Amino acid sequence: MRFPLRSLILLGAGILLTWTVSCRDQDGNINIFSIEDDKAFGAQVSQEIENDPATIILDSARYAAQYAYIYQIRNKILNSGQVMYKDVFPWRIRIIKNDTVLNAFCTPGGYMYFYTGILKFLESEDHLAGVLGHEMAHADKRHSTDALTRQYGLSVLFDVVFGQNKGQLVRIAAGLRELKYSRTAETEADNYSVKYLCPTDYDAAGAAGFFEKLLAMGSGSDVPEFLSTHPSPDNRVENIRSQKSTLNCTGTKRNISEYAAFKNSLP
């Protein structure tokens, strides 16, 4: 049986529309990757990152105390009741030894990386909690797969997810460290950082401290441009503090001396 071309086009459009709607996440955003895809993709990328001989990962056994310090902050955030995929993603943390890089990033599926540069740049535990919450939000709100789809294209990512393009996986793993999120995604991650911290005893505007220090340093800092200007640090500080006020967050914990001891213990 042969169908007219017009009928086939309409049928295809209907199937595509149904598929697209079915791929909306719990926030109503369209994401063609499943949660399992996020986890599998994140695991592949994290393995590639850690296999890179140029990337020095602090050993989690040798630096057990340092990892325990960060993990107890992570656990507070996970237990806030605000993280959608709390029990789904691994939320694993690794520290990269490089004091010249003021950055942190998170793969799809919740594999998180902090450079010693940013850990030594921050000044208190609530600042780290704020930055950690921001990175967790990128995974929890599934910004990473959206940004990677825009950057590399759908077919390329599907090939990588299904293990069909090893060379592209290497490039994605390298590029993920400076992945450019949309302005909307960055603002949402800032907002959720506050939301995650609000039920805890931390100052929920902890992430603002990072941007306030950037502003104090001026344009001569080594922070990647996309991190410091997209949106601009002053707008982000204002938005984060406004979000804290809107949510009526009451936490005040900062742990400055404890954080100083943690920084001093890093190699």
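Quick notes on this one:
- Selection status of residue 147, touching a residue at least 24 places away in the same chain (Cβ under 8 Å) and crowded, with 22+ Cβ neighbours inside 10 Å: no
- Flag if residue 53 is assigned by TED's automatic domain parsing to the domain that holds residue 253, at pLDDT below 95 and part of a loop (DSSP other than H, G, I, E, B): yes
- Restricting the first member to region 54-78 and to residues that are closer than 13 Å to residue 262 by Cα, and the second to residues that are part of a helix (DSSP H, G or I), the beta-carbon pairs closer than 8 Å and six or more apart or on different chains are 66/262; 69/262; 70/128; 70/132; 73/125; 73/128; 73/129; 73/132.
- Enumeration of residues in region 153-202 that are modelled with pLDDT under 75 and among the basic types (Lys, Arg): 166
- Within region 91-118, tally of residues that are without any contact (Cβ under 8 Å) to a residue 24 or more places away in the chain, in a loop (DSSP other than H, G, I, E, B) and either closer than 22 Å to residue 51 by Cβ or touching a Phe, Trp or Tyr at 6+ places or on another chain (Cβ under 6 Å) (or both): 0
- A residue that is of a type in the set (A, V, I, L, M, F, W, C), in a loop (DSSP other than H, G, I, E, B) and surrounded by fewer than 16 Cβ atoms within 10 Å (Cβ to Cβ) occurs somewhere in region 60-70.
- Residue match in region 81-104 (condition: farther than 19 Å from residue 266 by Cβ, at pLDDT 95 or above, among the acidic types (Asp, Glu) and touching a helix residue (DSSP H, G or I) at 6+ places or on another chain (Cβ under 9 Å)): yes
- Among the residues of region 84-127, those identified as within 18 Å of residue 42 (Cα to Cα) and hydrophobic (A, V, I, L, M, F, W, C) are 84, 88, 89, 91, 93, 95, 96, 104, 105, 106, 112, 114.
- Some residue of region 134-152 being modelled with pLDDT of 80 or more, over 27 Å from residue 58 (Cβ atoms), in a loop (DSSP other than H, G, I, E, B) and in contact with a strand residue (DSSP E or B) (Cβ under 6 Å, 6 or more places away or on another chain): no
- For residue 117, the stated conditions hold: it is modelled with pLDDT of 90 or more, of a type in the set (Gly, Ala, Ser) and closer than 22 Å to residue 209 by Cβ.
- Hey, residue 153 of a type outside the set (A, V, I, L, M), touching an Asp or Glu at 6+ places or on another chain (Cβ under 6 Å) and more than 16 Å from residue 71 (Cα to Cα) or not: no
The values are calculated or read from the model by the stated rules, or taken from the named source; none is laboratory data. This is a predicted model, so every value here is computed, not measured. Here the Cβ is made from the backbone with ideal geometry for all residues, glycine too, and neighbour counts use every protein chain on show.
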